[in-house]
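Only one structure is covered here, and it is reproduced in the block below.
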Amino acid sequence: MKIRCAAALMCAMALALAAVSAWAAETTSTATATTATTSTTTASQQNAPEEKAAEKGPVRVEVGTYVNQILALDLKGNQFTADFYIWFRWKGDIKAFDTFDLANGRITSRTGIVKKDLDGGVHYASARILATITKFWDLRRYPLDDHQLTIEIEDNENEDNLLVYVPDTLNSNASPAVHVPGWIITGTSASVTSHKYATNYGDTSVPTGNASSYSRFVSAVQIVRPGMVGRFFKVFFTLFVATIISWLAFWVRPKDAGPRVSLCVGSVFAAAAATFAINTMLPDTNATTMSDRVIVASLSLILASALETMVAMNLNYAGKENMQRTLDRVSAWVFPLAYVALLVIYVL
């Protein structure tokens with residue numbers, strides 16, 4: 001009897017242990033499933049904004065500028081200073097005004113900031129900006145050069161798959177009071193480009209060679225030199241005078257060697273001073289400018305005048321006065337004609 005009771009008790013304990021094990025396994029399975037479901041839900045919630053943005057496309061932000069003044073246009077320093085208003089209009093949760101930056105310069109001050117909501121859920125923000133902008137001048141046709149002064153705005157956080165600028169061409173302009181000494185303003189424009197950065201900025205979590213692309217708003221002011229003929233002679237007048245003085249030697253008798261040689265030497269010094277004055281106004285550049293070609297032509301003809309003087313003096317000392325006079329008469333016509341032809345070629 002005792003043996004049967006013991007056996008029955010052991011069977012009951014075994015059944016109880018089996019039931020507990022089954023319950024534990026079921027509980028663990030349920031918890032795992034719940035955790036997986038929660039993780040999936042969290043990941044879906046995190047990716048939802050990006051997927052939603054990808055489905056809707058980038059936020060379109062209208063950008064415009066109004067140029068108040070162009071200050072301190074500096075050819076030597078490769079920069080200019082601009083005073084302008086800028087504004088943004090957009091819909092959505094982004095902060096277009098807070099994340100914009102000047103791509104081709106440095107903002108020195110932001111004043112008169114206005115932020116408000118317009119009808120239709122449109123956000124609006126504007127400010128007055130004073131900035132120093134870098135400009136690498138194209139001086140190949142100096143002093144008859146013209147330039148495009150650009151203000152380049154770019155968002156420093158949102159790539160162009162999230163934010164795209166749209167130019168407000170209707171309202172963008174320049175004030176009639178804008179005055180740039182030595183230049184006249186012929187027009188303004190507003191456009192948008194896409195700028196790529198082919199780098200991962202050292203972030204090893206991003207593949208090497210990864211490229212990011214940002215929308216860039218470009219506001220441009222076109223300036224040209226007024227009175228090109230007058231400007232040309234104003235810059236090179238001293239150089240022209242020095243070159244012409246060297247030709248006066250053709251009318252001085254070779255017997256008066258001192259005055260004849262002095263004319264050529266004086267022309268060299270005057271041309272050197274004019275060259276120095278022109279070059280001090282310009283930055284270093286690898287390009288050959290129009291002023292470089294005019295300077296080379298002028299110095300070359302002054303040197304040729306000095307050589308002609310030496311030849312004429314030797315002919316005279318050798319008793320070949322007729323040849324000397326013929327050389328001087330021909331040089332008096334050939335040198336000016338050659339100089340004018342070179343200037344026309346260089347200018348056109």
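So here's what we get for this one:
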read-out: Contour minus Cα-Cα distance for Asn78 and Val241 (0.36 nm per residue); value: 55.6 nm
read-out: Where a label projected 7 Å from the Cα of Tyr317 along Cα→Cβ would reach, residues of the stretch 251-265 with amide N under 14 Å; value: 254-258, 261
read-out: Near-label residues of the stretch 325-348 by backbone N, under 18 Å of a point 7 Å along Cα→Cβ of Val229; value: 340-348
read-out: Positive minus negative residues near Asp98 (Lys, Arg vs Asp, Glu; Cβ under 13 Å); value: -1
read-out: Separation of the Ser212 and Lys91 label points, Cα + 7 Å toward Cβ, nm; value: 2.8
read-out: Sites matching trypsin sites (Lys or Arg not before Pro) across the stretch 252-342 that sit in DSSP coil, with at most 12 neighbouring C-beta atoms within 10 Å; value: Lys255
read-out: Calculated diffusion of the stretch 59-224, Stokes-Einstein form, Kirkwood radius summed over Cα pairs, 4 °C and 1.567 mPa s, µm²/s; value: 76
read-out: For the stretch 283-339, average projected area of the Cα convex hull in nm²; value: 4.7
read-out: Whichever lysines have a C-alpha closer than 22 Å to that of Lys255, once near sequence neighbours (fewer than 8 apart) are set aside; value: Lys320
read-out: Entries of Lys95/Lys115; Lys135/Lys234; Lys135/Lys196 with Cα pairs more than 18 Å apart; value: Lys135/Lys234; Lys135/Lys196
read-out: Estimated distance in nm for a label pair at Ala341 and Arg60, the labels positioned 7 Å out from Cα along Cα-to-Cβ; value: 6.0
read-out: Value in Å of the Kirkwood radius, where the stretch 228-347 supplies the Cα pairs that are averaged; value: 15.2
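Computed from the coordinates by the stated procedures, all read-outs in this text should not be read as laboratory data. These numbers were taken from a predicted model, which means no experiment stands behind them. Here Cβ is always computed from backbone atoms with ideal geometry, including for glycine, and neighbour counts include all displayed protein chains.
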